[in-house]
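Since every read-out is calculated from the coordinates, none of them should be taken as a lab result. Just so you know, these numbers come straight off a predicted model, no measurement behind them. Ideal geometry is used to build each Cβ from the backbone, glycine not excepted, and the neighbour counts take in all protein chains shown.
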Amino acid sequence: APAPRAEDLSLGVEWLSRFGYLPPAADGAAGRLQTQEELSEAIGAMQRFAGLEATGVLDEATLALMRTPRCSLPDLPAATPARRRR
Amino acid sequence: QAPAPTRWNKRNLSWRVRRFPRDSPLGRDTVRALMHYALKVWGDVAPLNFHEVAGSPADIHIDFSKAEHNDRYPFDGPGGTVAHAFLPGDRRAAGDTHFDDDEAWTFRSADEHGMDLFAVAVHEFGHAIGLSHVAAARSIMQPYYQGPVGDPLHYGLPYADRVRVWQLYGVRESVSPTAPPATTEPKEPALLPEPPDNRSSTPPRKDVPHRCTTHFDAVAQIRGEAFFFKGKYFWRLTRDRHLVSLQPAQVQRFWRGLPLHLDGVDAVYERAIDHKIVFFKGDRYWVFKDTNVEEGFPRPVSDFGLPPGGVDAALSWAHSDKTYFFKDQLYWRYDEHARRMDPGHPARSPPWRGVPSTLDDAMRWSDGAAYFFRGREYWKVLDGEPAVAPGYPQSTARDWLVCRDSQADPAGAGAEAGAPAPPGQHDRSHSEDGYQVCACSS
């Protein structure tokens, strides 16, 4: 799949954070970046919830759904940063 | 990470619209009506009762707000996020429901760009009673706006949503969890009636009829109790034939969903096959489930095979699931199971000797007898007998409405409504036992 445009990626991250698929943007240290793996997992979770094929890729169908009017409440409880064992 | 379910500990929840939309073509009454019906969707399947209040704090405050409005969920103009509601809990905002005032809220609109207020409200009130978003394909609790869901009077929750609300609150009595939802569509949109107005307690009007001097529009045994209807009022007697109140109650305030302008009813009966209550007035009839009118009513009396003009009386004959309808000097026998009139009807004169040829109404009572009312008198037909019992007619006011003969007599009709009932005139009445009759307005 072609790489998503920067503005789509920005919309996607903001959207995923707002509706509980990613930790809130203001969470933790400023400037925290999602890893590509985290982002892909979040997109996949969102796609599963929405009944789309869970590819983990921010494709057109996923973006279209993100632009669909919806309820403000998160789909999932706010995600928290994962702790990993060394 | 599914959140722990939250729910209300109480089952009677108040609501009010605190801020209405500002520039919406939907009027305030329409908004209130849509909120009423959106809440009713949930109250119809779960044991939750919603009532509108005014001016006082409510459990569910409804606001139409724009942009940042002092919660964690600012709105973002047309599209995007359109509404949200807070789950039950300890927070002050629990149950509160906010709609984005920047949306083009619609109702029964063909405008594809509009946002159907009823559909969104049903979803948000799902949150307000404790449901979160779900991924289920057929659920009103999907997070995305799916468009209008149809007429508010005929909308039924998808099964997935009914199951989830039952998990929180249980099943409302009279709802069968396994019954498929009614899917019949109205041939034409029904008018959206006004929601019940709970906002004031209007004192009884001064022109209320007096129980001792009036003749009644309709009489019915409902859930074992007797109801005497006159104009916009009714009196109620318990199973022991005790008058609940000397003052009549207002029909509108008890039987929810009848038109506000209805000035009386012609006949009422409790349907033996499903215990729903049927009201007749002129060419129309309404079916009530308990005290709430069913969706899709009124309907024409031609549904029963009755001619225009309605009926004077209806008598449910529980043994055979037949209902007798009386109009002028004709009567019909209706088969409730087959939903059609029995052959050979209408026929002339009632099938019991001695019963007057025209009636105000009739009912069966728990003693097995049938009672026929006309004017200020009634006739009794014992169970299984072909004719009126000896000694009838008798005074309805005296024997049913706790009146003295002098009160029931037109010459002695000056008694004020609410005057203490005299003792000894009625079998086992409250007054005979020395009790005051308690007031009951709704």
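Odds and ends about this structure:
- Kirkwood Rh (inverse of mean 1/r, distinct Cα pairs), segment B:68-120, angstrom: 12.2 Å
- Virtual paramagnetic centre 7 Å along Cα→Cβ of residue B:91, amide N under 12 Å, in segment B:41-79: B:70-74
- Alpha-carbon centroid distance for the pair segment B:60-123 / segment B:263-280, whole angstrom: 39 Å
- Judged by the gyration tensor of its Cα atoms, with axes a ≥ b ≥ c, segment B:329-381 is oblate; a/c meets the 1.5 cut and b/c is at least as large as a/b.
- Fraction of C-alpha pairs exceeding 15 angstrom in segment A:40-80: 39 percent, rounded to a whole number.
- Amide H partners (placed H, <5 Å) of residue B:361, local residues excluded: B:373
- Whole-Å semi-axes of the ellipsoid equivalent to segment B:61-159 (Cα gyration tensor, √5λ, descending): 21, 18, 11
- Check: segment B:294-402 dipole with +1 on Lys, Arg Cβ and -1 on Asp, Glu Cβ, in debye: 340 debye
- Globularity index of segment B:231-348, i.e. its alpha-carbon radius of gyration over 2.2 N^0.38 Å: 1.08
- Other-chain or far-sequence residues with amide H under 5 Å of residue B:285's (modelled H): B:299, B:301
- Distant-in-sequence amide contacts of residue B:334, defined by a placed amide H-H separation under 5 Å and a gap of 5 or more residues or a different chain, comprise B:323, B:324, B:325, B:342.
- For segment B:1-113, alpha-carbon Rg and Dmax in angstrom: 14.7, 42
- Couplings 3J(HN,Hα) for segment A:40-47, derived from phi with the Karplus relation 6.51 cos²θ - 1.76 cosθ + 1.60 (θ = phi - 60°), are 5, 4, 5, 5, x, 5, 4, 5 Hz, where x marks Gly and Pro.
- Interatomic Cα distance distribution for segment B:279-381, bins of 10 angstrom, percent: 14, 46, 34, 5
- Mean separation of Cα contacts under 8 Å (6+ apart) over length of segment B:248-365, as relative contact order %: 20 percent
- Out-of-range pairs (alpha-carbon distance over 22 Å; input B:40/B:276; B:281/B:380; B:10/B:66): B:281/B:380; B:10/B:66
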